[in-house]
Structures are given as C-alpha cells and as structure tokens.
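The values are calculated or read from the model by the stated rules, or taken from the named source; none is laboratory data. All values derive from a computational prediction rather than experimental measurement. Note that we place each Cβ from the backbone using ideal geometry, even for glycine, and neighbour counts take in every protein chain shown. The protein model used for the area step is the full one, side chains on, heavy atoms only, and it has no ligands, DNA or RNA in it. Shrake-Rupley method; radii C 1.70, N 1.55, O 1.52, S 1.80 Å.
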Amino acid sequence: MAVNTVLRTVKQAVWLGWKVDTNWADPLVFAIYYMVRPLAGLLMAGFMFYVGSTVVDVFSGEHFAFLLIGNSFFIYIVQIVMSMSMLIHDDRAHYEVLKHIYLSPSSLTWYILGRALNGVVNASLSLLLTLGFGVLIFQGILGLPIPINWLGIDLPMLALTMLLGTLCFVSLGYVLSGINIMTSRVQFMLSEYVSSILYLFGGVIFTPELLPSWGQTISNALPVTYFLKSVRFSILHQTGGDFQTSLMLLSLTTLVTVGISVGVFRFAMHKARKDGLIDKKEEY
Amino acid sequence: MLDDLVRNLRVAYARLWVRVKGGNREPEWLIFDMFLPIFTLSAYVYLYKMLGVGAEFAGFVVIGGTMLAFWTNVLWNMSAQFYWEKETGTLEAYLVAPISRMAILLGMALGGFVNTTLRAVAILTVGSLIFQVPIALNEPFTALLIFFLTIAALYSLGMLFASLFLLYGREAWHTASLLQEPVQFISGSFYPVRYLPTLLQLLASLVPLTFGLDGIRRTAISGEGIAQVWPHVIALIVFTLILLPLAKLALNFMENLGKKEGRLTLRWQ
C-alpha cells in the first residue's frame, strides 16, 4: 500500500476517533470526564495507602511516590488498551461501519493504528491531568510529603520508556482487537480482565517482591513491570533496579508482544474473512 | 386492579427470566466474573500487607469487592439497560405494551440481583479463603438486613438513573462510566470512610453504598450488632423511600419529554 494512503488512513482515523470521543460534550466537560475517572482510581489507591499508614502510624514518602507514579502510568496503559478493545464492537455492531472500512482502499490495520493513536493522545492528556491533580490533592491539600523532584526528571529516559511502552501497549491493543474480531462474547470485559491481571502482577501499587515465587515469575514476564520500573527510575531515580537492564527487558518483552500481536491480528483477520465475521452483528 | 397487578408481576418475572438466562448463557462469563475480580482485590490486599496493617483490612477489601459487584450491576445492567433496549429496538415494544415501566425495571433489578449474587458469593468465598479474612459475625440477621436494605437502595438508585437513558445516549453512557470509580473511592469500598476528610465524608453520606458497606463490615468483621448499626438501617430505609418514588416520577417525566422531542427511538446518539 502506498505510503500516502497509509498516512491518510491513519490521519483520518485519528481525526474520527477524536470526534467520536469528544463531540458529545464541550471541551471542558470532556477534560473533566477524562480526568475524574482515573483521578478517582488514583485517589482510591492513595487513600488506601494513607489509611494504612495512619493505622500503623508510619508514612513512607518513597513508597507513596512509588504508588502515585505506578497507578498514574498504569491508567495510561489501561486507556490505550481499553480504547482499542472497544473499537471493534463500536464499529462493527454499534455504528455498523467496520464492513465499509474493510471494503475501502485503505487497510483495517492502519485504521486501527490511527484510532489507537487517538487513544494515546487521550491517555496522555488523562495521565498529565491525573498526575497533576493527584499531587495537588495529596501534597498540596493533605500535606503528604512526596519526594519527587519534578525538575530532576530524566526526560530523555522517560521519553524513551514512553515510546517503547506505547508501542508495546498498542500491540497489546491489537491482540485484544483481534480477539474481539473473532468473538463478541468477551468484548465488554476483555480489557478489564487483562488490566486486572496486569494490575496485580505488574508492580503497580506494591513491589512485585511481595508476590509468591510463581507470581514473581509472571511479573518478570510482563512488559508492564519493566515499563513501570523504567518510568519510576526516570522520575524517582529509585535505585531498586538498573535502568539499562530494565529498558533492555522492556524492549525484549515489547518485541515479543509485537510479534504476538502481528500473529494474532493476522490470524483474526484471516478467520474473520473466512467465517464472515467482518459484518457479523451480535448483541452481547 | 388485581388484573393489573398480576400482569405486572408476570412482566417482572418475564424480565427477570430473560436477565438470568441472558446473563448466564456463556459459562466463561460466569467463570471470569467470579474469579477475575480477585486479581484486583489481591493487589489491594498486597498493598495493605506492604504497609503492615492487620488482617481485618483484607476483610474490608473482600467485602468492598463483593458489594462493588452489585454497584457495577446497578450501573451497567440496570441504569444503562434502556440504552441497550433502545439500540436493539426493544424499547418501543415495552413502551407500547399495556404494562408498567416500573415492573420492567423491577424484573431487571431482581434478575440482576440473582446474577450478581452468584458472582458476589464466589468473590466473597474465594477472597475470604485466600486472604483468611477474620470473620466476627455475631448477628447474622442484622448483617443480612443491612445487605438487603443496601440492595433495595442501590437498585432504586439504578431505576432513577434508568430514566436518564430513556432520553440520552452517550452523555448518559459517559455519566454511568463516570460514576464507577468515583463512587468506589468516596463510598470507602476498600477502607473505612471515617478516615476521609470531613467534606468527603459528607459527600459519601449521599451514596447508599457507603452505609451498606460500613454496616456490613461492622457486623461481619467487627462483630457489632443492631445496637451499633441502627443508624445505617434507618439511613438505608430513608434512601429507598426517597429514591423509589423519585424513580417513578423521573421515568414518567423523561418518557413524556422523550415523546415530545422524538428521542425515545433515536439510535446512535
């Protein structure tokens, strides 16, 4: 496919995704909507930490910063994966446009990439707002000491981590899209299922060392673990791990995820064409 | 009068049957819904372990997770149901039939309750066993009373929200979505709400789930009885008495407005 066609497809898909996501509300309401849910998730985890610390009468600022960064960046992951997972249902069964996109000269793969990039933009916006308001509430209003030097963030390291992480989570989104193309039975809950597993084993709000050995093995196989480690290293400069090793393992697990996503998505498209699933409308 | 009552009871039963049958038609749903919430709950339990708090906090998490299954059901399978009906074209059939909308909602609520109870019992049992939750249930009937009152108040709230979905599409959808985590946070799903700042405690008192969660925890984990939790009982009764008639009024109002504006059968909003 010509590069121009690919670029145009991606651009139009980003634009379409943005319109679908935002045109039900004015920009302020949209921004509030995109902030409130993740912020509430962060506040819930933060208050659990606060309550637990109050009960034992020991507050560890380092641990709190660990949780704050982990939970905020996990929301970024969830939003990308969730937007891609729901896309197939929305376009196939709800708006009934998937068949038209499939018939067009562009490719469904690039269209999904465009929609995913829109999800990345929204997730980034949400991440910044959540992190900003989270710090404002916990540090500014509740007066909790959060040892983060915002001016000392290693931006190149963070940018590299985000780039690799985004590639990895978009790939994961393709896997979920592929599954949802093949079956409608789990379309509403699939991303929730995946995110709940990643939340437990990815070292989001507690250190994976607390898990039993089999849990740690799962944790060590997940890109989320290395993504969050690298993000924490860039922001908190925590010495719990070596950044280079973490980044290398993130690259490796990302590569594996990309490989799996290519395989699953190609198989899904082949099966969809063979079994007539492209326009199969099911109400699950 | 009696004919009407019998007909509407049959409507409620029919809607209950569809809901129970539909909600359990795929065995993998049942398995996923029963066991996957344990992953998120486990993460919270590990957080408390990391902080070194007592085992009763694992109990708070398990009970919170169990009750949240009902809250999720109220939001997505009760409030949002008219949205689905509108999208699939069955809402018109309900509206032209000589039946009460409240009977349909009652059937949805009862069916949702049956489905969610199956899942909630699994979450409670598995969670309690895995995390060895210390149970101190001195007055089981009080705990059950609070549980059923919480369910009544929550589903009444769901009926009230359902009226919004008669008229609105994505706006109502996003509103329901917006109520998921904030209510979890403010109702103290995973911690006692008394630790929240005063302003948030005031806000929390507007949510029936807050009283239900706190009451059940006190009776099931702290070993308290009716002498301590009677204010919770009163609060939950008041919620139901206010929300149920309000739901009926809102439903009538929204239906009439929807007819005037021609939005009752509008799809893809």
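Calculate the mean, over all residues of peptide A:92-98, of how many other protein chain Cβ atoms lie within 10 angstrom of the residue's Cβ.
On the way: counts 0, 1, 3, 2, 1, 0, 0.
Average neighbour count from other chains, rounded to a whole number: 1.
Once you charge only the Cβ atoms, +1 for Lys and Arg and -1 for Asp and Glu, what is the size of the charge dipole of chain B about its Cα centre, to the nearest 20 debye?
Working: 19 positive and 16 negative charges, 75 e Å.
With Lys and Arg at +1 and Asp and Glu at -1, about 360 debye.
Output the relative contact order of chain B, whole-number percent, from Cα pairs under 8 angstrom with separation of 6+ residues. Each step should come with its number before you reach the end.
Working: 339 pairs, mean separation 76.6, N = 269.
It comes to 28 percent, rounded to a whole number.
Net charge within 14 Å of A:HIS237 by Cβ-Cβ distance, Lys/Arg positive one each and Asp/Glu negative one each, not counting A:HIS237 itself? Can you show the working numbers first?
Details: positive: A:LYS229, A:ARG232; negative: A:GLU62, A:ASP154, A:ASP242.
Net of charged neighbours comes to -1.
Using the Karplus curve 6.51 cos²θ - 1.76 cosθ + 1.60 with θ = phi - 60°, what ³J(HN,Hα) values do you get for each residue of segment B:30-38, in whole Hz, with x for Gly and Pro?
For segment B:30-38, the Karplus curve yields 4, 5, 4, 5, 6, 10, 5, x, 4 Hz.
Per Stokes-Einstein, at 10 °C and 1.306 mPa s, what whole-number D in µm² s⁻¹ belongs to segment B:49-190, with the Kirkwood radius over Cα pairs as the hydrodynamic radius?
On the way: Rh = 16.7 Å.
It comes out at roughly 95 µm²/s.
Can you tell me the length gained on complete extension of the stretch A:GLN12 to A:VAL256, counting 0.36 nm per residue apart and subtracting the Cα distance? Before the final figure, lay out the partial values.
Details: separation 244, 0.36 × 244 = 87.84 nm, distance 2.91 nm.
My answer for the length gained is 84.9 nm.
With only alpha-carbon pairs counted, each pair once and no self-pairs, how large is the Kirkwood hydrodynamic radius of segment A:87-239 in angstroms? Don't skip to the answer; put the middle values down first.
On the way: mean 1/r = 0.0554 Å⁻¹.
Averaging 1/r across every pair of different Cα atoms and inverting gives 18.0 Å.
With all protein chains present, how much of the accessible area of segment B:96-240 (probe radius 1.4 Å) comes from carbon and sulfur, to the nearest whole percent? Before the final figure, lay out each step's value.
On the way: 4230 of 5680 Å².
Accessible surface attributable to carbon and sulfur in segment B:96-240 totals 74 percent.
Span-like helices, chain A: DSSP H, alpha-carbon axial extent 20 Å or more, mean Kyte-Doolittle -0.5 or greater, which ones?
On the way: long enough: A:3-22 (28 Å, 0.17); A:27-56 (43 Å, 1.53); A:61-89 (42 Å, 1.37); A:108-135 (40 Å, 1.27); A:155-182 (40 Å, 1.79); A:243-275 (46 Å, 0.70).
Span-like helices in chain A: A:3-22, A:27-56, A:61-89, A:108-135, A:155-182, A:243-275.
Over chain B, how many percent of alpha carbon pairs lie in each 10 Å bin up to the one with the longest distance?
7, 28, 34, 21, 9, 1, 0
Just counting partner chain Cβ atoms within 10 Å, what average do the residues of peptide B:36-42 show around their Cβ? Write out the running numbers ahead of the final one.
On the way: counts 6, 3, 2, 8, 6, 2, 6.
Mean inter-chain Cβ contacts per residue within 10 Å come to 5.
How big is the charge dipole of chain A about its Cα centre, in debye rounded to the nearest 20, if each Lys and Arg gets +1 on its Cβ and each Asp and Glu gets -1 on its Cβ? Let's see the in-between values first.
Numbers: 16 positive and 15 negative charges, 189 e Å.
I would put it at about 900 debye.
Quick one: if you stick a label point 7 Å off each Cα along the C-beta vector at A:VAL29 and A:ASP279, how many nm between them?
Result for the modelled spin labels: 3.4 nm.
Which whole-number value in Å² is the accessible area per residue of segment A:15-90, probe 1.4 Å? It would help to have the intermediate numbers written out before the result.
Working: 2570 Å² over 76 residues.
Result: 34 Å² of accessible area for each residue.
Can you tell me the orientation of helix B:140-167 relative to chain B, as the angle in degrees between its alpha-carbon axis and the longest Cα principal axis, to the nearest 10?
40 degrees
Quick one: angle between helix B:2-23 and the longest Cα principal axis of chain B, in degrees between 0 and 90, rounded to 10, please.
Compared with the principal axis, the helix lies near 60 degrees.
Using the Cα gyration tensor of the protein assembly as shown, with a ≥ b ≥ c the square roots of its eigenvalues, what is the shape: rounded (a/c below 1.5), prolate (a/b larger than b/c) or oblate (neither)?
Values: a/c = 1.77, a/b = 1.09, b/c = 1.62.
Because a/c hits 1.5 or more and a/b fails to exceed b/c, the protein assembly as shown counts as oblate.
Just how large is the dipole of the protein assembly as shown about the Cα centre, in debye to the nearest 20, putting +1 at every Lys and Arg Cβ and -1 at every Asp and Glu Cβ? Can you show the working numbers first?
Working: 35 positive and 31 negative charges, 247 e Å.
It works out to roughly 1180 debye.
Any idea what % of Cα-Cα pairs in segment A:3-275 are farther than 28 Å?
Details: 14141 of 37128 pairs.
That tail contains 38 percent of the Cα-Cα pairs.
So, counting K/R as plus one and D/E as minus one, what does the shell of residues with Cβ under 13 Å around B:THR116 add up to? Let's see the in-between values first.
Working: positive: B:ARG19, B:ARG119; negative: B:ASP33.
Computed value for this residue: +1.
Using only C-alpha positions, report the orientation-averaged shadow area of the convex hull of segment A:166-233, nm², one decimal.
Value for segment A:166-233: 5.1 nm².
Within a Cβ distance under 13 Å of A:LYS274, other residues only, what is the Lys/Arg minus Asp/Glu net charge? Don't skip to the answer; put the middle values down first.
Numbers: positive: A:ARG266, A:LYS271, A:ARG273, A:LYS280; negative: A:ASP275.
Charge balance near A:LYS274 sits at +3.
Please compute the contact order of chain A in relative form: average sequence separation of alpha-carbon pairs under 8 Å and at least six residues apart, divided by the residue count, as a percent. Write down the numbers at each step before the final one.
On the way: 332 pairs, mean separation 75.9, N = 284.
This gives 27 percent for chain A.
May I ask you to derive the relative contact order of segment A:142-242, considering only C-alpha pairs under 8 Å and at least 6 residues apart, and to give it as an integer percent?
On the way: 62 pairs, mean separation 42.2, N = 101.
Value for segment A:142-242: 42 percent.
Per residue of segment B:199-212, what does 6.51 cos²θ - 1.76 cosθ + 1.60 with θ = phi - 60° give for ³J(HN,Hα)? Whole Hz please, x for Gly and Pro, Karplus curve as stated.
So the J values, rounded to whole Hz, are 4, 5, 5, 5, 4, 4, 5, 8, 10, x, 4, 4, 5, x.
Could you list, in their original order, any pairs among A:LYS99/A:LYS274; A:LYS281/B:LYS86; B:LYS86/B:LYS259; A:LYS99/A:LYS280; A:LYS99/A:LYS271; A:LYS19/B:LYS260 whose Cα atoms are separated by more than 18 Å? Walk me through the numbers before you get to the answer.
Working: A:LYS99/A:LYS274 14 Å; A:LYS281/B:LYS86 16 Å; B:LYS86/B:LYS259 13 Å; A:LYS99/A:LYS280 9 Å; A:LYS99/A:LYS271 15 Å; A:LYS19/B:LYS260 28 Å.
Pairs exceeding 18 Å: A:LYS19/B:LYS260.
Provide a whole-number value for the mean count of partner chain Cβ atoms within 10 Å of the Cβ atoms in peptide B:184-190.
The shielding value for this peptide is 4.
May I ask for the distance between the Cα centers of segment A:45-78 and segment B:235-249, given as a whole number of Å?
The distance from the Cα centre of segment A:45-78 to that of segment B:235-249 comes to 37 Å.
Between chains A and B, what is the buried accessible area summed over both chains (1.4 Å probe, protein heavy atoms, nearest 100 Å²)?
Values: alone 14440 and 13800 Å², together 24000 Å².
So the total buried area for this chain pair works out to about 4200 Å².
Can you give the helix-only mean residue ellipticity at 222 nm for the protein assembly as shown, where every DSSP H stretch with n ≥ 4 adds -39500 (n - 2.57) and the sum goes over all residues, rounded to the nearest 500 deg cm²/dmol? Intermediate values should be presented prior to the final figure.
On the way: 23 runs with 418 residues, N = 553.
After summing the helix terms and dividing by residue count, I get -25500 deg cm²/dmol.
Within chain A, what's the longest stretch lacking GluC sites (Glu not before Pro) that sit in DSSP loops with no more than 13 other Cβ atoms inside 10 Å? Please report the intermediate quantities before stating the final value.
On the way: sites that count: A:GLU96, A:GLU282, A:GLU283.
Looking at chain A, A:97-281 is the longest stretch - no exposed GluC sites (Glu not before Pro) with at most 13 other Cβ atoms within 10 Å.
Please give the Cα centre distance for segment B:1-65 versus segment A:1-37, rounded to the nearest Å.
34 Å
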